[in-house]
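One structure below.
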Amino acid sequence: MTQQLDVNRVSVRFGDFTAVDSASITLNKGEIGCLLGPSGCGKTTLLRAIAGFQTINEGQISVRGRVLSTPDMQVSPEQRRVGMVFQDFALFPHLNVSANVGFGLRHLQRRERESRVRRLLKMVSLDDYAGAWPHELSGGQQQRVALARALAPGPEILLLDEPFSSLDSELRTQLASEVRDLLKADGVTAILVTHDQHEAFAMADQVSLLHDGHIDQTDVPYNLYHRPANAFVAQFIGGGSLIDVTVNADGELNDRLGVLDMKSRSFAPGQQLRLLIRPDDIEYDESSAIQLRVVERAFRGANFLYELLLPDGQHVPCLAPSHIAADKGSLLPVRFNLQHVVIFNGEHQVFT
Ligand SMILES: Nc1ncnc2c1ncn2[C@@H]1O[C@H](COP(=O)(O)OP(=O)(O)OP(=O)(O)O)[C@@H](O)[C@H]1O
């Protein structure tokens, strides 16, 4: 497979502060990557470096084998064949939909330009809106126009910077998977920046989770969830809690969790481990003898997300149907149902 993007050990510093720390990403042609992470982790800085708006202090960025950035050299953004879609649509308000999409195609003959614009509008299902003005379109439609405009010149790589964040959350995930289908159908290589894991999972083939400027893990969404490389990834993805546990004399973890057989995992009695508890690992069960006190609760529509207190003072999350409405301070009968046991020894996951 042809390698399209190669970001090789790139660092970006602002004075003494390292915003991106030796980040590496490779994408093959047609692959969709994602930079995911909390605010301030360096996502936008890295994307800007790939676009050519940001100088780098270490490493190298290449697209299709052509070196675009090193600490000593930087190809300008216009010469990179990189398309960009931003959060705020940024359509030209005085141009209609067709003219917006055709904006980067002015070098083409009129007939060729019109036919490419038609094809792109069809691709984003807006062929009936060619003559419409941006203000006549919904947010989702405007973002599809912005996407068609960015794709019009045939970029070698498309960069999407929080493209759906001004849309409401339901539309966001839906549009993310629609855009994925469009990019896949056209074989476009793309990188999405987002802090929303649902958007990341709906759209990307591989997700790089950034934390304080460095990439903690690059993986397919399934592995980020089920095989998190470290405690940060485990807690960021899926909103879990890591609790301290001790292996008992029989080689089991059995205190408040019900028995988990650790024998096959070669842990020594007395060994201290950390166990990842995700909200859906703890179920409401009115017949259970385990009763945990409610510390916090948040209404999530179909569910309540509870924070529960373990006898030793640690907190765990629990997702319960919203008809189970236990007040703060009351006891909730629960059962641990650990579908996928994720165990950490110190910072690192123990693969079992
Ligand atoms: N031009 C700059 N000068 C100094 N510091 C900067 C500059 N640009 C970004 N930073 C700092 O670098 C860090 C990373 O910023 P960046 O915008 O890349 O984060 P982000 O992950 O995209 O965050 P967000 O999701 O909030 O946009 C932040 O601490 C930010 O304050």
Next item on the list: Consider only pairs whose beta carbons are under 8 Å apart and that are at least six residues apart or on different chains; among these, list those whose first residue lies in region 202-223 and is farther than 20 Å from Leu182 by Cα and whose second residue is within 16 Å of the ligand (Cβ to nearest atom) and among the charged types (D, E, K, R).
Entry: Leu209/Asp216; Leu210/Lys43; Leu210/Asp216; Asp212/Asp21; Gly213/Asp21; His214/Asp21
Next item on the list: Go through Ala152, Ala190, Ala185 for me and flag whichever is away from the ligand (no atom under 16 Å from the Cβ), surrounded by fewer than 16 Cβ atoms within 10 Å (Cβ to Cβ) and of a type in the set (A, V, I, L, M, F, W, C).
Entry: Ala185
Checklist line | Whichever residue in region 45-69 is β-branched (Val, Ile, Thr) and crowded, with 17+ Cβ neighbours inside 10 Å and, among such residues, is farthest from the ligand (Cβ to nearest atom) | finding: Val63
Item checked: Every residue from region 205-222 that is outside any strand (DSSP E or B) and either surrounded by 16 or more Cβ atoms within 10 Å (Cβ to Cβ) or not assigned by the TED database to the domain that holds Val12 (or both) -> Asp205, Gly213, Pro221
Margin query: Filter region 211-236 down to the residues that are aliphatic (A, V, I, L, M) and at pLDDT 90 or above and list them by number.
Written below: Ile215, Val220, Leu224, Val233
Check: When the residues of region 14-30 are filtered to those that are buried (at least 16 other Cβ atoms within 10 Å of the Cβ) and more than 14 Å from Ser69 (Cβ to Cβ), which remaining residue is nearest to the ligand (Cβ to nearest atom)?
Finding: Ala19
Next item on the list: Being surrounded by fewer than 19 Cβ atoms within 10 Å (Cβ to Cβ), of a type outside the set (S, T, N, Q) and farther than 29 Å from Ala49 by Cβ is the filter here, so list the residues in region 70-112 that pass it.
Entry: Pro93, His94, Leu95, Ala99, Leu108, Arg110, Arg111, Glu112
Next item on the list: Determine if region 141-153 includes at least one residue that is closer than 19 Å to Gln4 by Cα and not in a helix (DSSP H, G or I).
Entry: yes
Next item on the list: Name the single residue, out of those in region 103-138 being hydrophobic (A, V, I, L, M, F, W, C) and not in a helix (DSSP H, G or I), that is nearest to the chain's Cα centre (by Cα).
Entry: Val124
Checklist line | Ser39 being surrounded by fewer than 17 Cβ atoms within 10 Å (Cβ to Cβ), near the ligand (Cβ under 10 Å from one of its atoms) and in contact (Cβ under 8 Å) with a residue 24 or more places away in the chain | finding: yes
Notebook entry, point to check: Could you list, in sequence order, the residues of region 161-173 that are part of a strand (DSSP E or B) and out of contact with any helix residue (DSSP H, G or I) (no Cβ under 8 Å at 6 or more places or on another chain)?
Noted result: none
Notebook entry, point to check: Regarding Gln54, is this residue in contact (Cβ under 8 Å) with a residue 60 or more places away in the chain and outside any helix (DSSP H, G or I)?
Noted result: no
Next item on the list: Please tell me if Leu120 is away from the ligand (no atom under 16 Å from the Cβ) and either loosely packed, with under 14 Cβ neighbours inside 10 Å or not acidic (Asp, Glu) (or both).
Entry: yes
Check: Considering region 320-337 alone, what residues qualify as being modelled with pLDDT of 90 or more and either in a strand (DSSP E or B) or not assigned by the TED database to the domain that holds Val245 (or both)?
Finding: Ala320, Leu331, Leu332, Pro333, Val334
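The values are calculated or read from the model by the stated rules, or taken from the named source; none is laboratory data. Just so it is clear, the model here is predicted, and its values are computed rather than measured. All Cβ positions, glycine included, derive from the backbone under ideal geometry; neighbour counts span all protein chains shown.
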